[in-house]
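Step one of this worksheet: look at the structure below.
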């Protein structure tokens, strides 16, 4: 038994934006940006047990081909400027996940003289993942949240009349 | 060789540049005058009886009330398994010491760290740049009178308590 040449001709209707967003959200390439212990959990998330790859997210080594930056770990002031530079090198549309307490708000080290209290002071953040460090499940949830956000975006359809200038 | 014997040998060679008292400790502390520190280190390393081949740590203490900065050299001998801690006090206003990076290569980074965080100048170091803080940072963060700047390159160093948000 084979399905070949047995199905009727089918038409699936959808919005172009939905299809484009579906393709985009299914290949979110993230830049490796491990700064501290959260990086260990990020590696676990990309590893075989949690396997972020099954959602289409694969690690990249360079910002030029990345869609997403996962800032995982304590951000020092020295690193903050470099983070901004790397984020600006990413092509649009780009997204950022702030992973762990340190990247969210400075966490345990927020009173230290060398620490930037939160990556949102330097780059815009789409999803905050709490935890110290967050488990791979939490980061996976963060990626799924980001995928939801990407799916909601409207790039091609005209804005509603009321919102038009 | 016990610390008292090391102290006696050092005093035989350098006289009053080595302070007479010794503080017995896990790392016995021997006081040395600033001008004699490099010479004492070289003698302790080159003498086969002492053979201190490892500069285990180099750190500084800000004694603001006494207007002094103490610099500590933790020396260890892998061959003889004895250890000693050389202590140098220098004026807080302009702390300057001869470098030991020519005696133990690890002194390079340890001195850069002490310079970065405490502002101790090591004469003859050759590459005395900041190690941990950003290159254009102002001030030395571990000094008691260090005042944290309000912002760094437009990044505010203050954050509202998360409990108030």
Note to self: Against the empirical 2.2 N^0.38 Å scaling, what ratio does the C-alpha Rg of the stretch B:3-156 come to?
What the structure shows: 1.11
Margin query: Taking the beta-carbon count within 10 Å as an exposure proxy, list B:24, A:41, A:153 from fewest neighbours to most.
Written below: B:24, A:153, A:41
Next item on the list: Note the full-extension length gain between residue A:32 and residue A:20 as 0.36 nm times their separation in residues minus their Cα-Cα distance, in nm to one decimal.
Entry: 1.8 nm
Check: Given a cut-off of under 8 Å on Cα pairs at least six residues apart, what relative contact order in percent is computed for the stretch B:3-156?
Finding: 17 percent
Next item on the list: Measure nothing but the geometry: give the 0 to 90° angle between the long axis through the Cα atoms of A:16-25 and the longest principal axis through the Cα atoms of chain A, rounded to 10°.
Entry: 40 degrees
Margin query: Could you work out the relative contact order of chain A? I mean the mean sequence separation of Cα pairs under 8 Å and 6+ apart, divided by the number of residues, in percent.
Written below: 23 percent
Notebook entry, point to check: Taking the Cα atoms of chain A, what is the range of coordinates along each of the three principal axes, in descending order and whole Å?
Noted result: 67, 52, 26
Notebook entry, point to check: Roughly what % of Cα-Cα distances in the protein assembly as shown sit above 27 Å, to the whole percent?
Noted result: 61 percent
Item checked: Per-residue mean of C-beta atoms belonging to partner chains within 10 Å, peptide B:126-138 -> 2
Checklist line | Likely footprinting exposure, B:90, A:132, B:54, fewest C-beta neighbours within 10 Å first | finding: A:132, B:54, B:90
Next item on the list: Mind jotting down the distance between the C-alpha centroids of the stretch B:93-142 and the stretch A:34-72, whole Å?
Entry: 36 Å
Notebook entry, point to check: What does the average come to when, for each residue of peptide A:110-117, you count the partner chain Cβ atoms lying within 10 Å of its Cβ?
Noted result: 5
Check: If each residue's Cβ is checked for other Cβ atoms within 10 Å, how do B:132, B:44 rank with the fewest at the top?
Finding: B:132, B:44
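Laboratory data are not the source of any read-out in this text; all were calculated from the coordinates shown. In this text the structure is predicted, and so the values were computed from the model without any measurement. No Cβ is skipped: glycine too gets one built from the backbone with ideal geometry, and neighbour counts run over all protein chains shown.
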